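As structure tokens, the structure follows; a few thoughts come after it.
Bear in mind these aren't lab numbers, they're just calculated from the coordinates by the rules spelled out. Remember, predicted model here, so these are calculated numbers, not experimental data. Positions of Cβ are backbone-derived with ideal geometry, glycine not excepted, and every protein chain shown enters the neighbour counts.
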Amino acid sequence: MVEAKECTFCGNKIEPGTGKFFIKTDGQTYNFCNHKCEQNMLKLGRKERETKWTRKHAQEKAVKTYRKKEMSKKKKIKRK
């Protein structure tokens, strides 16, 4: 059975038989779900964590929000 892959740039699932598989000359492999992701990473040089519409950006933002909440709880406990 063929596995569903994940887009290297945005993090979305790629159904079997769709998407693009890109191999660089140094041997690194990339899976892209569409042309938009491919161009943003390879041609434009954008970072997935800084591009707002990607799933990886949302995960990074959630982690930062969680850490801020935890730090504020620790500060409140120290004040008491």
Length-normalised contact order for the stretch 5-79 - Cα pairs under 8 Å, 6+ apart - percent: 25 percent
GluC sites (Glu not before Pro) within the chain: DSSP coil, no more than 15 neighbouring Cβ in 10 Å: GLU3, GLU50
Net charge dipole size for the chain [Lys, Arg +1 and Asp, Glu -1 on Cβ; Debye, nearest 20]: 1320 debye
Those residues of the stretch 15-30 whose amide nitrogen sits under 13 Å from the label point placed on ALA4, 7 Å along Cα→Cβ: 15-18
Gain on full stretching of the segment that runs from LYS76 to ASP26 - 0.36 nm per residue minus C-alpha separation: 13.0 nm
The stretch 21-74: trypsin sites (Lys or Arg not before Pro) in DSSP coil with no more than 15 other Cβ atoms inside 10 Å: LYS24, ARG46, LYS47, ARG49, LYS52
Between helix 55-79 and the chain: long-axis angle, C-alpha atoms, 0 to 90°, nearest 10: 10 degrees
Debye-sum result for the chain in log10 I(q)/I(0), which assumes one identical scatterer on each alpha carbon, at q = 0.12, 0.15, 0.22 Å⁻¹: -0.48, -0.63, -1.00
